[in-house]
Amino acid sequence: MTQTPLAIVSGASSLVGRYLLPRLLVAGYRVLALSRHPAPPAQPGIEWLQLDIGEQVKAVPLADGAIYIHLAPIWLLPALLASPHCAQLQRLVAFSSTSVLSKQTSPDPAERALAQRLAEAEAALGASGLHNWTIVRPTLIYGQNRDKNVAWIARMIKRFGFFPLIGSGAGLRQPVHADDLAAAVGRIVASPATAGRIYELSGGETLSYRAMVARIFRAQRLPERIVSIPPWLFAALLGVLRLLPRFRHLHLEMAYRMNHDLCFSHASASRDFGYAPRRFDQPLD
């Protein structure tokens, strides 16, 4: 009897994980889903294991012949590479971020530190001696109105009735839907040519930050109220917002990037495994 192949997914309760797990089941895998959070209701074909990789790396149940998809922060991966089972995995797909490139020279020390952590983790995988890995670097991820990017803008609009921009908001963006990333994982695993490669995975449309915000207004059927304000006033508003727990992660550099292009080509992904992401037509779906 042929044994059902196993897919191990860390960070399985993440936004990408929500789309990936059903796709793996359809593809014929049984799934071992790892998450720091309590397991959701049982589902046929999916076994949940509550586990914090950062503190319990030796407890990660890698299995020979399995595929391993690392949706957890990539800087947690190097500690896992010491396991002898890594060499016996059929494939290893790790999620990094285009921030490894875009935040290298950020004026904000925390953003430069993030870029360094990403780069060091990617380098550790490349130097591991493994040959079955692929790294993907998504751009701005959205989906299900649950992400930290588009959904945050939607909440701001709904709460205040307008959205503030520094200047014109002309910086270009390429939002990528979480389901397109989940689909990419399946194609990568099925494509031997992707082994040992790093791919930028951007969305199917390039639009300005202002145009992206306008789409989010329309998706909520709200009148478009985008207000361009000077940097000093934006800084004052941000200072007030940061008093609220849900907005404490915001800082000025994030706002200044509204006028900086953050664009990355996914041409190599399209060539190597047929990556074809959707347009930004339904930002809250």
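Things worth noting here:
- Restricting the stretch 76-90 to residues that are open to solvent by less than 20 Å² (accessible area, probe 1.4 Å) and not in a loop (DSSP other than H, G, I, E, B), the residue that is farthest from residue 37 (Cα to Cα) is 86.
- Taken together, 265, 270 contain a single residue that is open to solvent by 40 Å² or more (accessible area, probe 1.4 Å) and assigned to a loop (DSSP other than H, G, I, E, B), which is 265.
- Tally, over the stretch 130-150, of residues that are at pLDDT 95 or above and either surrounded by fewer than 17 Cβ atoms within 10 Å (Cβ to Cβ) or closer than 14 Å to residue 280 by Cα (or both): 6
- Residue 119 vs. criteria touching a Phe, Trp or Tyr at 6+ places or on another chain (Cβ under 7 Å), farther than 20 Å from residue 87 by Cα, at pLDDT 95 or above and among the aliphatic types (A, V, I, L, M): no
Table: residues versus (1) in contact with a helix residue (DSSP H, G or I) (Cβ under 9 Å, 6 or more places away or on another chain); (2) assigned to a loop (DSSP other than H, G, I, E, B); (3) hydroxyl-bearing (Ser, Thr, Tyr).
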residue: 145; (1), (2), (3): yes, yes, no
residue: 186; (1), (2), (3): yes, no, no
residue: 203; (1), (2), (3): yes, yes, no
residue: 227; (1), (2), (3): no, no, no
residue: 232; (1), (2), (3): no, no, no
residue: 236; (1), (2), (3): no, no, no
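- Contact map, the stretch 68-85: first residue under 15 Å from residue 137 (Cβ atoms), second residue open to solvent by 50 Å² or more (accessible area, probe 1.4 Å) and of a type in the set (Lys, Arg), Cβ cut-off under 9 Å, separation 6 or more or different chains; pairs are 73/117; 74/117; 75/117.
The values are calculated or read from the model by the stated rules, or taken from the named source; none is laboratory data. Keep in mind that what you see is a predicted model, and the values were worked out from it rather than measured. Positions of Cβ are backbone-derived with ideal geometry, glycine not excepted, and every protein chain shown enters the neighbour counts. Surface areas here come from the heavy atoms of the whole protein model, side chains and all, with no ligands, DNA or RNA. Shrake-Rupley method; radii C 1.70, N 1.55, O 1.52, S 1.80 Å.
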